[in-house]
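What follows is a set of notes on a single structure, which appears directly below.
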Amino acid sequence: MDSKARVVLDVIRAVQDRDAETLDRLYHDDLEFHEAPSLPYGGVLKGKNVLREQLESEPERTWLGTWGPLQPSEAERRFDPRVVAVNGDEVVVKYWTRGVSSDGERFESEVLALYEVRDGRFARAQMFHYDTAALNEFLQRARRES
């Protein structure tokens, strides 16, 4: 397997396992996340330190703060990633986002993501969700329940 694809899959596994130590080791200092602006955690986040600060001060505006409570078990945290392509520093992965609300409603949707590995570290992520409207509707219902 390509070394850049391995870095990306290691990051995905660390997110599944909620392994902050491994993520800190694999994330590039100039880390960037690009999510659809319509999502609660959407927009552009730049810098590993900015991510750390946001997790501490405004976790609800982060992916983990949003999805963490909706992924109580391994079944919901499982991404089932599949590397689609590797081109230079870029890796494209197809995976699943899953969650379950407190009243038992389940959500599952495909995501295609473009990642960049720089200096042997995970440097950039841009996610393309299959249906951001359905994703947002689920998140709104789940928030009302909690």
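Quick note: the coordinates plus some simple rules give every number you see, no bench work behind them. A quick note: this is a predicted structure, and the numbers were derived from the prediction, not measured. Counting neighbours? That spans all protein chains shown, and the Cβs are built from the backbone with ideal geometry, glycine included.
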Quiz item: What is the Rg over Rh value, at two decimals, for the chain, using alpha-carbon atoms and the Kirkwood definition of Rh?
Solution: 0.95
Quiz prompt | Stretchable slack from Arg82 to Trp96, in nm (0.36 nm times residue separation minus alpha-carbon distance) | solution = 4.1 nm
Quiz prompt | Positive dipole terminus of the stretch 3-145, leading residue within Leu26, Val92, Gln16 (C-beta point charges) | solution = Val92
Quiz item: By average Cβ neighbour count within 10 Å, what is the ranking of 112-121, 91-100 from highest down?
Solution: 91-100, 112-121
Self-check item: Distance-filtered residues of the stretch 115-143 - backbone nitrogen under 14 Å, label point 7 angstrom along Ser109 Cα→Cβ
Solution: 127-143
Self-check item: Euclidean distance between Cα centres, the stretch 21-43 to the stretch 74-117, Å
Solution: 14 Å
Quiz prompt | Exposure proxy ranking, count of Cβ atoms within 10 Å, fewest first, for Ser102, Ser3, Ser109 | solution = Ser3, Ser102, Ser109
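Any idea what the dipole of the stretch 3-145 comes to, in debye rounded to 20, about its Cα centre with Lys/Arg Cβ at +1 and Asp/Glu Cβ at -1?
So the magnitude is around 220 debye.
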Quiz item: Put +1 on the Cβ of every Lys and Arg and -1 on every Asp and Glu Cβ in the chain; which of Gly47, Ala142, Val83 then has its Cα farthest towards the positive end of the dipole?
Solution: Val83
